[in-house]
1. So how many Lys-Lys pairs in the range 26-182 land under 27 Å Cα to Cα, not counting same-chain pairs under 8 apart?
2. Of all accessible surface on the range 15-150 at a 1.4 Å probe, what whole percent is carbon and sulfur?
3. Measuring from label point to label point, each 7 Å out along Cα→Cβ, what is the R229 to S112 span in nm?
4. In nm, to one decimal, how far is the N17 label point from the K201 one, both placed 7 Å along Cα→Cβ?
5. So if each residue of separation counts as 0.36 nm, and I subtract the Cα-Cα distance between N68 and E293, what length gain in nm does that give?
6. At 4 °C and 1.567 mPa s, grab the translational diffusion coefficient of the range 17-110 from Stokes-Einstein with a Kirkwood Rh over Cα pairs, rounded to a whole number in µm² per second.
7. Of all GluC sites (Glu not before Pro) in the range 62-169, which ones are in loop regions per DSSP and have a Cβ with at most 16 other Cβ atoms within 10 Å?
8. What FRET efficiency would be calculated for the residue pair T132, H96, taking the C-beta separation as r and a Förster radius of 41 Å, to the nearest 0.05?
Amino acid sequence: MFNGFNMMFPDHSRPFNTTYKCYSVSMLPGNERQDVENGGKIIMPPSALDQLTRLNVEYPMLFKLTNNKINRSTHAGVLEFVADEGKIYIPYWMMHNLLLEEGDIVQIESVSIPVATYSKFQPQNVEFLDITNPKAVLENCLRNFACLTTGDLIAIKYNNTSFELSVLETKPGPAVTIIECDMNVEFAPPVGYTEPQKKPKEEEPMAVDPAELMPEPAGFVAFKGAGTRLDGKKKKDNGANEAAPVARANYVRGIPDYEHPFGLLRFDRTVRKAEANEGGKPEEDPFKAFQGEGFSLKKSRK
């Protein structure tokens, strides 16, 4: 029975699903297309656009590419519809992921995948660490991509150098679209990268014993020294002028304690009472503050 309603309103759930011969971008007639080689979009024939339009496929048009021989697939967007009929042209890194040779048959199906929120990449070469701002470089290169698929090995180009990145993880699904999205990006350590080991600092042995640097505590001895002659001759005193050992004086209040141990700080705020002598009377403190004799710089007239 003919149903005119189905002719006026075609089935929106009907996907685009067909097969094409696959070729790398280098086989595309005309000038070299680096914009295709350095991205994640493909070139399809004009008939594919007509069929997609009749099926009312939603924009942006996203496709799942599958190599049925090994059941391996990836996802891509479309850049142009200028390929020869029955053929499609895809980047070489995409052919490498799908293990396709020139002219192999690939199945293409229109799909709807979620918008990316997170992705994690692993560089395949430690030279990727030489890039000053890898996230900014990756963001700029991903503008030529429409999708990311977990497990893919994508290729980006920076400063005439090609870098391969393995897509380790994508959220919220194994395949996501990165068109007009806010995506968090993380990097895993590159393949072959080893964390530098921190060597413990070796303490250099001191040439001088710290104990030798501490001054030997000694009492105050005035005019202790040795004399020399101007003519350079040695004095013949047969030890007569040798200084006799001087006994160290007991500590007296008001006089610095020259025998105080080096490095010791003592805070004595207690008031000590004078000790009593044998008669029971406290001994007088010999120290008297502010006792001295004054002098005047102005001579007296007397």
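The values are calculated or read from the model by the stated rules, or taken from the named source; none is laboratory data. Note that the coordinates shown come from a computational prediction; the quantities given were computed from them, not determined experimentally. Cβ placement follows ideal geometry from the backbone for every residue including glycine, while neighbour counts extend to all protein chains displayed. For the accessible areas, the whole protein counts, side chains as well, though only heavy atoms, and no ligand, DNA or RNA atoms are used. Shrake-Rupley method; radii C 1.70, N 1.55, O 1.52, S 1.80 Å.
1. 20
2. Carbon and sulfur together cover 47 percent of it.
3. Computed distance between label sites R229 and S112 equals 11.8 nm.
4. Inter-label distance under the simple model: 6.8 nm.
5. 69.3 nm
6. Approximately 99 µm²/s, per Stokes-Einstein.
7. E85, E101, E102
8. With a Förster radius of 41 Å, E is 0.90.
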